[in-house]
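Comments concern the structure below.
The values are calculated or read from the model by the stated rules, or taken from the named source; none is laboratory data. Keep in mind it's a predicted model, so treat the numbers as computed, not measured. Don't worry about glycine lacking a Cβ; one is built from the backbone with ideal geometry, like all the others, and counts go over all protein chains shown. Quick note on the areas: whole protein, heavy atoms, side chains included, nothing else; ligands and nucleic acids left out. Shrake-Rupley method; radii C 1.70, N 1.55, O 1.52, S 1.80 Å.
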Amino acid sequence: MKTRYFYSFLALAVAGACHAESYPAPIGPSQSDFGGAGLLQMPTARMARDGEFSLNYRDNDQYRFYSASMQLMPWLETTLRYTDVRTRNYSSVEAFSGDQTYKDKSFDLKLRLLQEGYWTPQVALGLRDLGGTGLFDSEYLTASKAWGPFDFTLGLGWGYLGTAGNVTNPLCRASDKYCYRDNSNKKAGSFNSGDMFHGPTSLFGGIEYQTPWQPLRLKLEYEGNDYTGDFAGKLDQKSKFNVGAIYRVTDWADINLGYERGNTVTFGFTLRTNFNDLKPAYADNRAPDYRPQPQDAIMQHAVAANQLTALKYNAGLDAPKIQTKGDTLYVSGEQIKYRDSREGVARANRIIMNDLPEGVRTIRITENRLHIPQVTTETEVDSLRRHLAGEPLGHETPLAQRRINPEAPETTEQGWYIDKPRYGVSLDPVLNQSFGGAESFYMYQLGVMGTGDLWLTDRLLTTGSVFANLKNNYDKFNYTNPPKDSHLPRVRTQVREYVKNNVYVNNLQANYFQYLGKGWYGQLYGGYLETMFGGVGGEVLYRPLDSNWAFGLNANYVKQRDWRSAQDMMKFTDYSVKTGHLSAYWTPPFAHGVLVKASVGQYLAGDKGGTLDISKYFDSGVVVGGYATLTNVSAEEYGEGEFTKGVYVSVPLDLFSSGPTRSHAQVGWTPLTRDGGQMLGRKFDLYGMTSDRNVRFR
């Protein structure tokens, strides 16, 4: 009976392909049960559109899969997944984890090796459950080829995807060691490449069919897993064929229904967006008109006052200053509205040109951050005037404009300015959250952070913040003992004791900033630098203008803050450490929007090593990144997880705000917090503060 259904589907495929022109074009690859482009249980070689981000949920009798898939590059797909094993408890100790079911964290990668051609398929290599307990760890090589409304996939799987062993592992011919796979030593958070492409191997494949009704697609797959060693228990498999349907509710949502193993119903949904397509939601005030007015020397002061107001509210330059010297007009201020500072420069140029003093031939606009000059944009007045007035079609000339290292006159003939306030206060909501803990899958803390700043001079800033807890479920924290498998100083694993305090000083410090000239920046700081540590330190950065590389060095001496109460947090324990790092920053010219940061030095636990942080900047301003740290601490000394790693997403708030803003909100995810490879949390980072020195990142 099952064979008859299979041949019926195959006949439908041939008939449909012969009339392909009557079928709508597919609307992009769909997500599999595990997350990532695929059929149901099986992956395909397909990739989503560059920048696509999807949240996926799948549910059946044994598992709930929660996954987030990110198409970081056209050739690279990444997936993070939590699996709720419904048939197992988190632990056998009720006082520790109650009746919570077992949660497994995993990470997947898929790389496109060959792009589809007219005759050739798309080919991809994938790693599933890379680093973890190995419940679903797999490797696969898969190929997909479209034919009319059908997309065919054929693949070869190892590990979880190959347990059926319906073919001989081709690598066994090279060495007998590839014929056996040992998953007995897998530990949460660890990476073990020794068993990759080892053990039984299976062919798998399937078809995805785009029906004439575009929202609906159908799937049929033959899987390579026999479920005999499943963590949820041996699962009965009555059929190796799985069928399913996916319905596109709207551009950003799919619902899914499947029938798998001949006895199991699976259902779920996918929510998606594309980080390259997101646009700010606000309707900004329009750019100032170009209406040049003749200057009257007697009226110059009133004109300058109007210009300063316009520079602040229309061009986004806080504390603007106008100065003239010879035939050059200088404008300076801190860009606080526009992520793309070039927008602020263009607006400022229009404002200045409308009331330009006689004899000015050059305009120089300098952008600052925390009183530190970053870049000067120099524009020739005659060229700008032609552009604003409009040039005849076919006779356009390039705007004579260039970015140079910051320049300001030492003495001026005349100047006007709006002084920056010496102090400022703010109150912001804070949501701290974590997933996958033993006591509860979701832990949260909702509070407010009050921040105050006081400038003692143009270079010396004192700043502090106080956190007040409003609501949390941290009463479920019942395990605060030191990890039994770690022998390092407890520099981070006491986080639970710190966050239980209802009100505490988060940081209180003084910072001295200085632009040293020719791309060099420096800062000195001291005080309570973060929730867990206080001390003194300094940083120096060399960042050439619009260069794709930079170097920085920070050095610190810190002591651990006492965690026992909010009052005790103003004191220090006996633990102290010297920590600091030499960092290199690189934006590869061949990888659009990618920043590579490599740091080497000593960490808070006294361990020495390096951190690699790679992030991708999307057109909308959203940044997605991941990092990993390896130190001279062995896996046994480090404890569960073997080394520090995590991912983060930074979202520009102007995507949701009613007006332009340069603020971002960042969400991080660390699968496991241990004491090795932990950096000091510094409030001010010179590379981030000087972002306007690279026009590629805004």
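Here are some notes:
- Within the range 303-321, being more than 18 Å from residue 290 (Cβ to Cβ) and crowded, with 22+ Cβ neighbours inside 10 Å holds for 316, 317, 320.
- Candidates 366, 377: the one that is touching a residue at least 24 places away in the same chain (Cβ under 8 Å), in contact with a Lys or Arg (Cβ under 8 Å, 6 or more places away or on another chain) and buried (at least 16 other Cβ atoms within 10 Å of the Cβ) is 377.
- Among (1) open to solvent by less than 50 Å² (accessible area, probe 1.4 Å); (2) more than 20 Å from residue 556 (Cα to Cα); (3) at pLDDT below 90; (4) out of contact with any Ser or Thr (no Cβ under 6 Å at 6 or more places or on another chain), the one test that residue 442 misses: (1)
- Any hit, the range 592-601, residues being open to solvent by 20 Å² or more (accessible area, probe 1.4 Å) and either at pLDDT below 90 or under 25 Å from residue 429 (Cα atoms) (or both): yes
- Hits in the range 388-406 - residues which are surrounded by 14 or more Cβ atoms within 10 Å (Cβ to Cβ) and farther than 17 Å from residue 346 by Cα: 405, 406
Residue-wise test of (1) at pLDDT below 85; (2) closer than 30 Å to residue 643 by Cα; (3) loosely packed, with under 15 Cβ neighbours inside 10 Å.
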{"site": "433", "(1), (2), (3)": "yes, yes, yes"}
{"site": "446", "(1), (2), (3)": "no, yes, yes"}
{"site": "480", "(1), (2), (3)": "yes, yes, yes"}
{"site": "512", "(1), (2), (3)": "no, no, no"}
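- Residue selected from the range 333-363 under the condition of a type outside the set (Gly, Ala, Ser) and in contact with a Phe, Trp or Tyr (Cβ under 7 Å, 6 or more places away or on another chain), by the criterion most open to solvent (accessible area, probe 1.4 Å): 350
This table checks each residue for (1) polar (S, T, N, Q); (2) modelled with pLDDT of 95 or more; (3) surrounded by fewer than 18 Cβ atoms within 10 Å (Cβ to Cβ); (4) out of contact with any Ser or Thr (no Cβ under 8 Å at 6 or more places or on another chain).
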residue: 651; (1), (2), (3), (4): no, no, no, yes
residue: 658; (1), (2), (3), (4): yes, no, yes, yes
residue: 673; (1), (2), (3), (4): yes, no, yes, no
residue: 676; (1), (2), (3), (4): no, no, no, no
residue: 680; (1), (2), (3), (4): no, yes, no, no
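- Taking (1) in a helix (DSSP H, G or I); (2) under 30 Å from residue 474 (Cα atoms); (3) not charged (D, E, K, R) in turn, residue 387 satisfies each apart from (2).
- Boolean, residue 385 is open to solvent by 30 Å² or more (accessible area, probe 1.4 Å) and more than 34 Å from the chain's Cα centre (by Cα): yes
- Residue satisfying all of: in the range 514-559; of a type in the set (S, T, N, Q) and not in a strand (DSSP E or B); most open to solvent (accessible area, probe 1.4 Å) among these: 548
- For the range 565-664, the strands (runs of 3 or more DSSP E) that sit wholly inside it and include 1 or more residues that are free of Cβ contacts under 8 Å to residues at least 60 places away in the same chain, touching a Lys or Arg at 6+ places or on another chain (Cβ under 9 Å) and closer than 24 Å to residue 527 by Cβ are 572-586, 594-602.
- Subset tally (residues that are free of Cβ contacts under 8 Å to residues at least 40 places away in the same chain and among the acidic types (Asp, Glu)) for the range 240-275: 1
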